Amino acid sequence: MQFINLARQYAQYKNQIDKNIQAVLDHGQYILGPEVYTLEEKLAEYVGVKHCITVANGTDALMIAMMALDIHPGDEVITTPFTFIATGEMIALIGAKPIFVDIDPNTYQIDASKIAAAITNKTKCIMPVSLYGQCADMDAINKIAKQNKIPVIEDGAQSFGATYQNKKSCALSTIGCTSFFPSKPLGCYGDGGACFTNDDELAIIMRQIRTHGQEKRYHHVRLGMNSRLDTLQAAILLAKFPHFENEVNARIKIGKRYDQLLGSDIKKMTIMPGNTCVYAQYTIEVSERPLVQQYLKEMHIPTAVHYPIPLHKQPIFAEAYQYAKHLVTSEHASQHVISLPMDPYLSDDEQQFICNHVIAALKDLKLSETA
């Protein structure tokens with residue numbers, strides 16, 4: 001069994017993927033070829049925004065969004081510590097300071113009720129992360145941002161395809177960013193990402209930034225970077241995209257079935273009312289996580305931990321945040337979460353097998369604790 005079975009997905013769409021790749025090889029426009037612009041149009045329409053700017057990866061998408069919003073060294077960006085390093089890393093690389101706000105213990109999203117207290121005169125952006133495939137509480141976050149006249153960047157690397165109050169992830173803020181890393185809900189076969197916005201000026205700026213700040217060939221109006229989605233990856237995404245909504249529905253069905261099979265005694269992520277979740281990861285909480293992982297490994301069931309060390313405890317940030325005492329929920333989650341195999345082609349039998357052994361593992365561990 002694989003944690004995410006990408007080979008099984010490829011087998012579904014092999015003919016169209018191979019055909020699209022061959023088309024690129026035939027026309028030879030490997031950088032910003034026609035497939036890139038076709039993909040941008042389709043993704044913008046799907047998300048429900050005016051502009052999609054594809055980029056080289058989801059990490060660059062965050063940097064480009066902050067550069068477009070003119071975030072400078074010394075500024076502060078509010079985000080969550082319970083996420084992948086890229087979120088805090090890009091804030092620090094631009095010279096700003098990540099201000100970590102703790103998470104809600106049930107949704108694992110940034111706790112919107114704690115954001116206002118973290119805002120200072122240096123706050124230039126709020127960057128919620130739509131973790132595990134569910135959008136953060138964007139209405140509450142946008143309300144706080146509007147009151148303080150600061151923009152919001154949604155880090156939607158894990159939530160592309162999810163909805164919040166009937167609006168798609170990446171259409172919920174000033175700029176939405178996502179990733180097309182192979183394991184993401186919509187993944188290519190390398191690195192890829194995108195920025196989304198309804199702001200015409202920001203779209204122009206982000207297109208310039210992704211190509212060395214270039215307004216026209218050899219005319220550079222701002223500092224930029226080299227962050228273009230290559231045409232082969234765009235071609236692969238175009239082959240997969242017509243099936244994406246079916247895969248989203250399959251993910252939702254599998255996530256709900258996990259909930260039912262595992263029962264009410266195992267803590268799972270709460271899906272907020274009005275939200276749908278694409279389950280980039282299906283995550284539960286357990287005690288004695290290493291023992292549970294070992295038990296499942298012996299049954300040939302792979303697991304993963306997203307994320308074992310919150311950002312304020314990472315070596316690169318630890319000194320600056322050594323006195324942080326208000327991030328206890330993130331620390332608790334990092335010590336107890338475990339993700340189970342998840343992809344849209346997980347069979348009922350595989351899922352039943354996984355759940356049977358998760359329940360057995362927890363039962364055995366409980367018995368050993370009381371013995």
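The values are calculated or read from the model by the stated rules, or taken from the named source; none is laboratory data. Fair warning: this is a prediction, and the values are worked out from it, not measured in the lab. Neighbour counts run over all protein chains shown; Cβ positions are idealised from the backbone, glycine included. We work out accessible area using only protein heavy atoms, side chains counted, and drop any ligands, DNA or RNA first. Shrake-Rupley method; radii C 1.70, N 1.55, O 1.52, S 1.80 Å.
Points worth noting:
- On the stretch given as the range 335-367, residues that are in a helix (DSSP H, G or I), closer than 28 Å to N246 by Cβ and among the acidic types (D, E) total 3.
- If the condition is being touching a strand residue (DSSP E or B) at 6+ places or on another chain (Cβ under 9 Å) and hydroxyl-bearing (S, T, Y), then the range 243-288 contributes Y258, T276, Y282, T283.
- Any chance T329 is over 11 Å from F100 (Cβ atoms), in contact with a helix residue (DSSP H, G or I) (Cβ under 6 Å, 6 or more places away or on another chain) and among the polar types (S, T, N, Q): no
- Remark: pairs (first residue in the range 110-125, more than 17 Å from V328 (Cβ to Cβ) and free of Cβ contacts under 8 Å to residues at least 60 places away in the same chain; second residue assigned to a loop (DSSP other than H, G, I, E, B) and acidic (D, E); Cβ separation under 7 Å; 6+ apart in sequence or on different chains) = A112/D137; K122/D75; K124/D75.
- If you go through the range 262-321 and keep only what is part of a helix (DSSP H, G or I) and under 29 Å from I91 (Cβ atoms), you end up with R289, L311, H312, K313, P315, I316, F317, A318.
- Evaluation of P73 against the conditions (1) touching a Gly at 6+ places or on another chain (Cβ under 7 Å); (2) assigned to a helix (DSSP H, G or I) shows that the sole unmet condition is (2).
- Filter result for A250 (touching a helix residue (DSSP H, G or I) at 6+ places or on another chain (Cβ under 7 Å) and surrounded by fewer than 19 Cβ atoms within 10 Å (Cβ to Cβ)): no
- Count - residues of the range 39-64 that are part of a helix (DSSP H, G or I), surrounded by 14 or more Cβ atoms within 10 Å (Cβ to Cβ) and not aliphatic (A, V, I, L, M): 6
- Test set (1) under 22 Å from G255 (Cβ atoms); (2) open to solvent by 40 Å² or more (accessible area, probe 1.4 Å); (3) out of contact with any Asp or Glu (no Cβ under 9 Å at 6 or more places or on another chain) - T163 fails condition number: (2)
- Where a residue in the range 307-324 is free of Cβ contacts under 8 Å to residues at least 12 places away in the same chain and its partner, wherever it lies, is in a helix (DSSP H, G or I), with Cβ under 8 Å and at least six apart: A318/H312
- Members of the range 68-79 found to be out of contact with any Asp or Glu (no Cβ under 8 Å at 6 or more places or on another chain) and not charged (D, E, K, R), listed by number: A68, L69, I71, H72, P73, G74, V77, I78
- Residues satisfying the stated conditions in the range 135-157, i.e. open to solvent by 10 Å² or more (accessible area, probe 1.4 Å) and under 30 Å from A7 (Cβ atoms): D155, A157
- Residue in the range 191-213 that is least open to solvent (accessible area, probe 1.4 Å), counting only those that are more than 19 Å from T38 (Cα to Cα) and touching a helix residue (DSSP H, G or I) at 6+ places or on another chain (Cβ under 6 Å): I209
- Across the range 108-121, a minimum of one residue is classified as of a type outside the set (D, E, K, R), over 25 Å from D343 (Cβ atoms), touching a Pro at 6+ places or on another chain (Cβ under 9 Å) and open to solvent by 10 Å² or more (accessible area, probe 1.4 Å).
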